[in-house]
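K.L.:
One structure coming up, written as structure tokens, with questions to follow.
The values are calculated or read from the model by the stated rules, or taken from the named source; none is laboratory data. Remember, it's a predicted structure, so these values are computed and weren't measured experimentally. Every residue, glycine among them, receives a Cβ derived from its backbone with ideal geometry; neighbour counts consider all protein chains shown.
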Amino acid sequence: MISFVGAGPGAADLITIRGQNRIARADIVIWASSLVPKSLLDHCQSNPVIYDSAGMTLEDVISIYEKNPHSNIVRLHSGDPSIYGAIQEQINWCLENNRTFEVVPGVTSLSATAAAIGRELTIPGVSQSIISTRLASRTSSSMPKKESITKFSSHGTTMAIFLSASKPKLLQEQLLDISSNYNEQTPAVIGIRISWPDEQIIWTTVGQLAKDIIKTKIKTTVIVLVGPALKETGKRSNLYSPTFAHGFRKKSLVGSTKSRPSKKE
């Protein structure tokens, strides 16, 4: 079995129980030291063979799969492997070669950053959508033309920007494009190595974003959140409102906030 496991954002206790169990029983672990803290390997219990993929190619990794058809292999990816995890080509290989595999989801740096700053990112009346994207830079050939930050910024909703700290001026320029619904005062957060021991959180604005990213001198393991939901209060959610009914609860009686659970047969 090849298990593509999301390591989470960094902290060893933010991996899922399933992911921890897969590492514990692994015969082989392939992990990226540049993106995943070594503390995640503390979950190993069976003295596995460990490979660091930081300097490996896809072909190097696949050769390990080929040579170990009967082993429990964990391919440990940062965050959640389905987001910028480069796992599809590995999954394609598994399908073409009849290898059993699974994907174990992980906590993303997006959700970890929201938790670290104590904010909901989908505030009623302010933002009900989250756009996850990145700048088209060295890997611009991977970015469809219709998915630029310039175009996404016209929505003005919460945006999570990955893999883009190496081009801070370009990032700010695109966020403030003439078609954008952000402005220089729109709140932004720079999250650096979120949940790692040296985590940094920098509150800023879109107008100061480039300057503050440059100050950090850090270009990797950075996520940027942008949007009014980072500061604005917005409306109260209907979910627990006494004036709102759903399948499990009736509206409260007039003048009361006491719940009235629906009867289920």
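K.L.:
What number of residues in the stretch 214-246 are in a loop (DSSP other than H, G, I, E, B), over 17 Å from Asn181 (Cβ atoms) and not hydrophobic (A, V, I, L, M, F, W, C)?
P.N.:
Number of matching residues: 13.
K.L.:
To continue, here is another question. Considering only the stretch 15-39, state which residues are aliphatic (A, V, I, L, M) and either more than 20 Å from the chain's Cα centre (by Cα) or at pLDDT 95 or above (or both).
P.N.:
Ile15, Ile17, Ile23, Ala24, Ala26, Ile28, Val29, Ile30
K.L.:
Something else now. Can you name the condition, by its number, that Gln185 falls short on among (1) surrounded by 15 or more Cβ atoms within 10 Å (Cβ to Cβ); (2) in a loop (DSSP other than H, G, I, E, B)?
P.N.:
The failed condition is (1).
K.L.:
Restricting attention to the stretch 40-55, which residues are touching a residue at least 12 places away in the same chain (Cβ under 8 Å) and farther than 20 Å from Gly85 by Cα?
P.N.:
Across the stretch 40-55, the qualifying residues are Asp42, His43, Cys44, Gln45, Ser46, Pro48, Val49.
K.L.:
Let me ask something else. If you check Val61, Val74, which single one turns out to be closer than 23 Å to Thr108 by Cβ, outside the structural domain of Ala160 (by TED's automatic domain parsing), modelled with pLDDT of 95 or more and within 23 Å of the chain's Cα centre (by Cα)?
P.N.:
Result: Val74 is the single residue among Val61, Val74 that is closer than 23 Å to Thr108 by Cβ, outside the structural domain of Ala160 (by TED's automatic domain parsing), modelled with pLDDT of 95 or more and within 23 Å of the chain's Cα centre (by Cα).
K.L.:
Give me a count of the residues in the stretch 20-29 that are surrounded by fewer than 24 Cβ atoms within 10 Å (Cβ to Cβ) and either closer than 20 Å to Ser63 by Cβ or in contact with a helix residue (DSSP H, G or I) (Cβ under 8 Å, 6 or more places away or on another chain) (or both).
P.N.:
Final tally of qualifying residues: 4.
K.L.:
Related question: Kindly indicate which of Val74, Val107, Val103 is among the hydrophobic types (A, V, I, L, M, F, W, C) and either surrounded by fewer than 18 Cβ atoms within 10 Å (Cβ to Cβ) or outside any strand (DSSP E or B) (or both).
P.N.:
Going through Val74, Val107, Val103 in turn, the sole match is Val107.
K.L.:
Could you figure out which of (1) closer than 22 Å to Arg134 by Cβ; (2) of a type in the set (S, T, N, Q); (3) within 17 Å of the chain's Cα centre (by Cα) isn't true of Ser53?
P.N.:
(3) is the only condition that Ser53 fails.
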